[in-house]
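No lab work stands behind these numbers, since they all come straight from the coordinates. What you see is a predicted model; the values in this text were computed from it and never measured. Because the Cβ atoms are built from the backbone with ideal geometry, glycine has one as well, and the counts that use them run over all protein chains shown.
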Amino acid sequence: MPQAFLLGSTHEPAGALMELQPSLGSVAESFLEEELRLNAELSQLQFSEPVGIIYNAVEYAWEPHRNYVTCYCRGPKEALFLGMNPGPFGMAQPGVPCGEVSMDWDWLGIGGIVLTPPQEHPKPPVLGLECPRSEVNGARFWGFFRNLCGQSDVFFHHCFVHSLRPLLFLAPNGRSLTPAELPAKQQEQLLGICDAGLCQQVQLLGVRLVVGVGRLAEQQTNKGWEAVVKERLNELGLLPLLSK
């Protein structure tokens, strides 16, 4: 089942921080500022073995990431769909949470220049919107909501998608690592900063519901997954908001 948490009321590098502007469109601006603040804090952390290289798509894929936020994060939201970690062929390529290149371009209409990371591993290289590989969970996630909502604006009118942790950790051999594989102290520091950042972002968007994307995507590997996910979304009160 999608994992949900009910809540109460609630790159440009770090040098590009903007001042908060409480004007029309400031939700997107403020959200981007919070992400840049988070990046500035994360940049102070140091990671040891088994980490070899770290990708941060919010930095090197800043242009498409910024385009995504400014296009779809224009006001308060009912629900936040939350990805946990970027995938090497997901967000790490186009800078869009739960990234799937074909969906980002065709359904979301997101484009932009993706730069080369400061350190790049040949497995996987960063090809941005030219990446030929599909990210399975991202394709399933966005494909489900494209079929359900029809137009992307229908989905984003009430919902937004965000990645809790922008960092992709790669071992020296190119294998992607989860935070659980980091040394305990480094894991604690990472999760503490990202959790605090999420609290700020939730308050900014005014969401009442956070839904874990990973659990939703896992359901899609099972027979009858679409009906199961629709039933769960209906229980959460989201299905009427998302139907065509």
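Distance from the alpha carbon centroid of region 58-117 to that of region 161-186 works out to 18 angstrom.
What is the local net charge at GLN46, summed over the other residues whose Cβ is closer than 14 Å to its Cβ (Lys, Arg +1; Asp, Glu -1)?
On the way: positive: LYS185; negative: GLU41, GLU49, GLU188.
Here the count lands on -2.
Could you please tell me the mean projected area of the C-alpha convex hull for region 48-157, averaged over all directions and given in square nanometres to one decimal?
Details: hull surface 29.2 nm².
Across all orientations, region 48-157 yields a mean hull projection of 7.3 nm².
Shown is the FRET efficiency for GLU235 and ASN147, computed with R0 = 25 Å from the Cβ-Cβ distance and rounded to the nearest 0.05: 0.80.
Taking square-rooted eigenvalues a ≥ b ≥ c of the alpha carbon gyration tensor, is region 47-241 rounded, prolate or oblate, where a/c under 1.5 means rounded and, failing that, a/b exceeding b/c means prolate? Provide the component values of the computation, followed by the final result.
Working: a/c = 1.56, a/b = 1.40, b/c = 1.12.
Here region 47-241 falls in the prolate category.
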